[in-house]
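Undergrad: After the structure tokens below, expect a handful of questions from me.
The values are calculated or read from the model by the stated rules, or taken from the named source; none is laboratory data. Remember, predicted model here, so these are calculated numbers, not experimental data. Neighbour counts run over all protein chains shown; Cβ positions are idealised from the backbone, glycine included.
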């Protein structure tokens, strides 16, 4: 644990003070234990996963074809929008408050989608900087992929989602609860809030856990259930003696969650 903490803290400090998010998009493939956002490489697996989750949700989830959909945190390009509308039609709106649009990257991803779907179009794809830009009840589906773990105020975000969703609308969220230095999935739970906030947090990893999100979804009014969940109890056990008290007292099964897929529905 001593050696791993030395390596971990060094990498975290480098990440916080030397690397911006845009730099990581370009250099992340060479950074130890870091993974570049899948949406910047190929959106196909992401949209395939959303379709699978919609089937797993059963009759509560409407047919995704032809729907008005918003994606939270779409990133620097609209790749998932091109993939979604090429497969399912409808209209797609990317909501991205932080990443600057990269026209060159967007073109490369668009051409990838066109190779699979020659009829792919940009006409039904758009993007906005905030959910505030969307009218009340204007979308029927909200999706996200590895985004909720970065949202600092989930309750506020879920309340905004509630507003823009039409009655009976649904959400499909894939969430990665690991530390994003993936070799050490739970090391970040061993530090106090003060140390994490002031020294190690890259600025977008507030350490919310699955039960935090489920509680906030319920408070926002959603019916939510977990469709898929993966855990790593061995990795959690390795750091269990060192957990910060704020995490040590929490349910260990929930704490061991690494990834989860959550289905939510706004009641009629």
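Undergrad: Can you name the number of the only condition in (1) surrounded by 14 or more Cβ atoms within 10 Å (Cβ to Cβ); (2) free of Cβ contacts under 8 Å to residues at least 40 places away in the same chain; (3) not in a loop (DSSP other than H, G, I, E, B) that residue 127 fails?
TA: Status for residue 127: all satisfied but (2).
Undergrad: Say whether the condition of being modelled with pLDDT of 95 or more and over 17 Å from the mean Cα position of the chain (by Cα) is met by at least one residue in the range 139-147.
TA: Yes, the range 139-147 contains a residue that is modelled with pLDDT of 95 or more and over 17 Å from the mean Cα position of the chain (by Cα).
Undergrad: Say we look at the range 146-160 and pick out the residues that are part of a helix (DSSP H, G or I) and touching a residue at least 40 places away in the same chain (Cβ under 8 Å); which of these is farthest from residue 229 (Cα to Cα)?
TA: Filtering the range 146-160 down to residues part of a helix (DSSP H, G or I) leaves 148-150, 154-160.
Now drop any that are not touching a residue at least 40 places away in the same chain (Cβ under 8 Å), which leaves 148-150, 154-155, 157-159.
Details: 148: 15, 149: 15, 150: 18, 154: 19, 155: 21, 157: 22, 158: 20, 159: 24 Å.
The selected residue is 159.
Undergrad: Also, I was wondering about something else. If we only count helices (runs of 4 or more DSSP H) wholly inside the range 1-76, which ones have 1 or more residues that are modelled with pLDDT of 60 or more and out of contact with any helix residue (DSSP H, G or I) (no Cβ under 6 Å at 6 or more places or on another chain)? Break it down into steps so the answer makes sense when it comes.
TA: Details: elements: 2-18, 21-27, 44-57.
It comes to 2-18, 44-57.
Undergrad: Condition check: in contact with a helix residue (DSSP H, G or I) (Cβ under 6 Å, 6 or more places away or on another chain), surrounded by 19 or more Cβ atoms within 10 Å (Cβ to Cβ) and over 20 Å from residue 257 (Cβ atoms). Does residue 217 satisfy that?
TA: When the stated conditions are applied, residue 217 does not pass them.
Undergrad: Can you tell which of 207, 250, 178, 163 is part of a loop (DSSP other than H, G, I, E, B), touching a residue at least 12 places away in the same chain (Cβ under 8 Å) and over 19 Å from the mean Cα position of the chain (by Cα)?
TA: After ruling out the rest, the residue left standing is 250.
Undergrad: Moving to a separate point now. How do the pairs read when you match residues in the range 181-203 that are on the phi > 0 side of the Ramachandran plot with residues anywhere that are assigned to a helix (DSSP H, G or I), using Cβ under 8 Å and keeping only pairs 6 or more apart or on different chains?
TA: What qualifies is 203/16.
Undergrad: Now for a different question. Please determine whether any residue of the range 166-174 is farther than 15 Å from residue 244 by Cβ, touching a residue at least 24 places away in the same chain (Cβ under 8 Å) and in a loop (DSSP other than H, G, I, E, B). Step through it out loud before you land on a result.
TA: Initial filter on the range 166-174 (farther than 15 Å from residue 244 by Cβ): 166-174.
Then drop every residue that is not touching a residue at least 24 places away in the same chain (Cβ under 8 Å), which leaves 166-174.
After this cut, where a residue has to be in a loop (DSSP other than H, G, I, E, B) as well, the list is none.
Within the range 166-174 (the criterion being farther than 15 Å from residue 244 by Cβ, touching a residue at least 24 places away in the same chain (Cβ under 8 Å) and in a loop (DSSP other than H, G, I, E, B)), the answer is no, since none of the residues qualifies.
Undergrad: Something else about it: Starting from residues that are free of Cβ contacts under 8 Å to residues at least 40 places away in the same chain and part of a helix (DSSP H, G or I), keep the ones in the range 220-234 and report whichever is surrounded by the fewest Cβ atoms within 10 Å (Cβ to Cβ).
TA: Only one residue fits best here, namely 234.
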